[in-house]
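The values are calculated or read from the model by the stated rules, or taken from the named source; none is laboratory data. Not measured: the values here are computed from a predicted model. Ideal geometry is used to build each Cβ from the backbone, glycine not excepted, and the neighbour counts take in all protein chains shown. Side chains included, ligands, DNA and RNA excluded: accessible areas come from the protein's heavy atoms. Shrake-Rupley method; radii C 1.70, N 1.55, O 1.52, S 1.80 Å.
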Amino acid sequence: SDVWKQLCERNDIDLVFLATPWDLHTPMALYAMEHGKHVCVEVPAAVTTEQCWQLVETSEKTRKYCMMMENCCYDFFELLTLNMARQDFFGEIIHCEGSYIHNIFDEIFSRHAYWNMWRFRQNTHRNGNLYPTHGLGPLCQIMNINRGEKMDYMISMSGNDFMMGARAKKLAASDDFFKPFVNTSFRGNMNTSVIRTHTGGTIMVQHDVTSPNIYSRIHKVSGTKGSALKYPLPGRISVSSGDDWLTDDKIEEVKKKYEPDIVKKVGELAKKVGGHGGMECLMDWRTIDGRSNGLHLDEDVYDAALWGVISPLSEWSVAKDSK
């Protein structure tokens, strides 16, 4: 259906939100910008390097914003550590880690969870980190990526598929849909990608959605003065003068001292409104407030392209023996 095009062509709309299957993100975003609309697009904004360029070039040509809605940048601990980093709590950032480790194995193979089995299909022909931005986005902000710092190079490694092929073969016995995928080489269950920044910091990003792993978005920040870690435990903070994590009382003191302005202003409202604990409310509020007051986006089209291009580049590296 092309009804979405009619929406983009309306004159009484300024901003279009896109929450569709991945392959539709870039085509829809391009069409919306070309018809005078700002765009907020779900993650990932693009699935190929060409699409990343298309988003940047179209945004520049049309002078329309294109924001990838990376909600994890607005989770409370991530916002806290961002404010701490900007106030030099961690010192120089040495290393960061992020991930999307989430067992949605059954949903991926369900005939009803995703329209036309699109999430399953993504795992049948792409081997790499297909969903990097939940873990990576907050770290890029902490490390000032695209704000003075940049990524230099990356290597990526996937293990074998230990589960998806076996499940497809089992389901094919009773469901004709899966029969063409019996001999498919599925994406490796775990992908690990390592990035080196221009000033010598490193970032590790992991992706696993098809094994019975403990949920984790790892949010790890390690600096010359201190560190922080969230997942699978609650958020922890340490300083260089001690060998262990700060006590709960000390952590509460740090949280109070470094509480971000946005949390002070609308944090409690966001928790009441909800959306993954309130982070979606904070993201939407910040986006609309920024547009209304002429502020720069927290996550602009260049971030969308850079964070998103990790996926196709990881596929290339995996295919080239982790080059």
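Scanning region 94-122 for residues that are surrounded by 14 or more Cβ atoms within 10 Å (Cβ to Cβ) and polar (S, T, N, Q) yields SER99, ASN103, GLN122. Whenever a residue of region 254-275 is farther than 16 Å from THR287 by Cβ and open to solvent by less than 90 Å² (accessible area, probe 1.4 Å), its partners that are of a type in the set (A, V, I, L, M, F, W, C) and not in a helix (DSSP H, G or I), lying with C-beta atoms within less than 7 angstrom and at least six residues away or across chains, give the pairs VAL254/ILE237; VAL254/LEU246; TYR258/PHE89.
Only a single criterion out of (1) under 13 Å from ASN129 (Cα atoms); (2) in a loop (DSSP other than H, G, I, E, B) is not satisfied by VAL194, namely (2). Looking at the structure I just gave you, is SER238 in contact with a Leu (Cβ under 9 Å, 6 or more places away or on another chain), among the polar types (S, T, N, Q) and buried (at least 21 other Cβ atoms within 10 Å of the Cβ)? No, not satisfied. For region 18-35, a tally of residues being part of a helix (DSSP H, G or I) and β-branched (Val, Ile, Thr) returns 1. Quick check on region 226-244: of everything there that is assigned to a loop (DSSP other than H, G, I, E, B) and farther than 18 Å from ASP88 by Cα, which residue is modelled with the highest pLDDT? The residue in question is TYR231. Restricting region 182-199 to residues that are in contact (Cβ under 8 Å) with a residue 12 or more places away in the chain, among the polar types (S, T, N, Q) and open to solvent by 70 Å² or more (accessible area, probe 1.4 Å), the residue that is farthest from TRP118 (Cα to Cα) is THR199. Scanning region 167-188 for residues that are modelled with pLDDT of 95 or more and of a type outside the set (A, V, I, L, M, F, W, C) yields ARG167, LYS169, LYS170, SER174, ASP175, ASP176, LYS179, PRO180, ARG187, GLY188. For region 108-117, check the following and say yes or no: at least one residue is over 30 Å from VAL239 (Cα atoms), in contact with an Asp or Glu (Cβ under 6 Å, 6 or more places away or on another chain) and either touching a residue at least 40 places away in the same chain (Cβ under 8 Å) or in a loop (DSSP other than H, G, I, E, B) (or both). The answer is yes, given that some residue of region 108-117 is over 30 Å from VAL239 (Cα atoms), in contact with an Asp or Glu (Cβ under 6 Å, 6 or more places away or on another chain) and either touching a residue at least 40 places away in the same chain (Cβ under 8 Å) or in a loop (DSSP other than H, G, I, E, B) (or both).
In a residue-by-residue description of region 165-181, the property of being surrounded by fewer than 18 Cβ atoms within 10 Å (Cβ to Cβ) and touching a strand residue (DSSP E or B) at 6+ places or on another chain (Cβ under 9 Å) applies to no position. For PHE186, the test of being part of a loop (DSSP other than H, G, I, E, B), touching a helix residue (DSSP H, G or I) at 6+ places or on another chain (Cβ under 8 Å) and not basic (Lys, Arg) is passed.
Contact annotation: residue pairs with Cβ atoms under 6 Å, 6 or more positions apart or on different chains, pairing a residue in region 1-13 that is under 13 Å from GLU34 (Cα atoms) and modelled with pLDDT of 95 or more with a partner that is open to solvent by less than 70 Å² (accessible area, probe 1.4 Å) and assigned to a helix (DSSP H, G or I), are CYS8/TYR31; CYS8/ALA32.
Restricting region 40-57 to residues that are part of a helix (DSSP H, G or I) and open to solvent by less than 10 Å² (accessible area, probe 1.4 Å), the residue that is farthest from LEU18 (Cα to Cα) is CYS52.
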